[in-house]
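For reference, the structure is listed below as structure tokens.
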Amino acid sequence: MDFPRAQAGFRLFYLLPCAALAAVLAAAGAAGWAAASIGLVGGLLLSSVEAGTEISPDLSQSRQYLSLLRWRVGRWQSLPPVVGVTLKYYSTLEKGDTASTTSWGVWSNPRNRHEELIVMLSLQQRTNGFILAHFSPDDVNDAIDFAHDTAERFRVPVNQYLPAHLYQPLPPASGGKQNK
């Protein structure tokens, strides 16, 4: 199992401040190629920033971190006792961009449904868990495997709260002779 879990990926909006910096440098009299180069290097650096969650190898501490070029910055905190690993289905509705043509009210506006599976640590005497990972509902098997691997590492049980349309548990194996 891989710790830390990071939300990586190229973030296009990080290029906006760098483009603004390049424009300011060009307006201040810098050569166009120099301003563009500085903006491009800044954009590449900013786009390599990752945010993630890290748990210490001894499983006693955790931190939220920001990472730039593999250097991680964050403050370690004591991790409360873990009593379980929870796999949950979570969905939200977001208001659609276009209004309905059949109703003047908000009741029939199109809505976008956002669904995900969350794997989290259940902590002793805490109402909030420690979210480790988000998975697409299409990756339900990966989420289940990750939850079980995490539970094995922490030596705790797994609690699954998945709807029937995503997950059907296997029937119990018959351990003996079949009656005929």
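Observations, loosely collected:
- In the condition set (1) surrounded by 14 or more Cβ atoms within 10 Å (Cβ to Cβ); (2) at pLDDT 75 or above, L68 is compliant with all but (1).
- Residues located in the stretch 32-65, provided they are under 13 Å from C18 (Cα atoms), touching a Phe, Trp or Tyr at 6+ places or on another chain (Cβ under 8 Å) and surrounded by fewer than 17 Cβ atoms within 10 Å (Cβ to Cβ): L46, S47
- For the stretch 71-103, a residue qualifies if it is charged (D, E, K, R) and modelled with pLDDT of 90 or more, and the qualifying residues are R75, K88.
- Single residue of the stretch 118-154 satisfying the filter (of a type in the set (A, V, I, L, M) and in a strand (DSSP E or B)) that is nearest to Y90 (Cα to Cα): I118
- Restricting attention to the stretch 60-80, the residues that are under 26 Å from G42 (Cβ atoms) and of a type in the set (G, A, S) total 2.
- Candidate set from the stretch 73-99 (those that are part of a strand (DSSP E or B) and touching a residue at least 40 places away in the same chain (Cβ under 8 Å)); member that is surrounded by the most Cβ atoms within 10 Å (Cβ to Cβ): V85
The values are calculated or read from the model by the stated rules, or taken from the named source; none is laboratory data. Computed from a prediction, not measured in an experiment: that's the story for all the values here. Methodologically, a virtual Cβ is constructed for each residue, glycine included, from the backbone with ideal geometry; neighbour enumeration extends over all protein chains shown.
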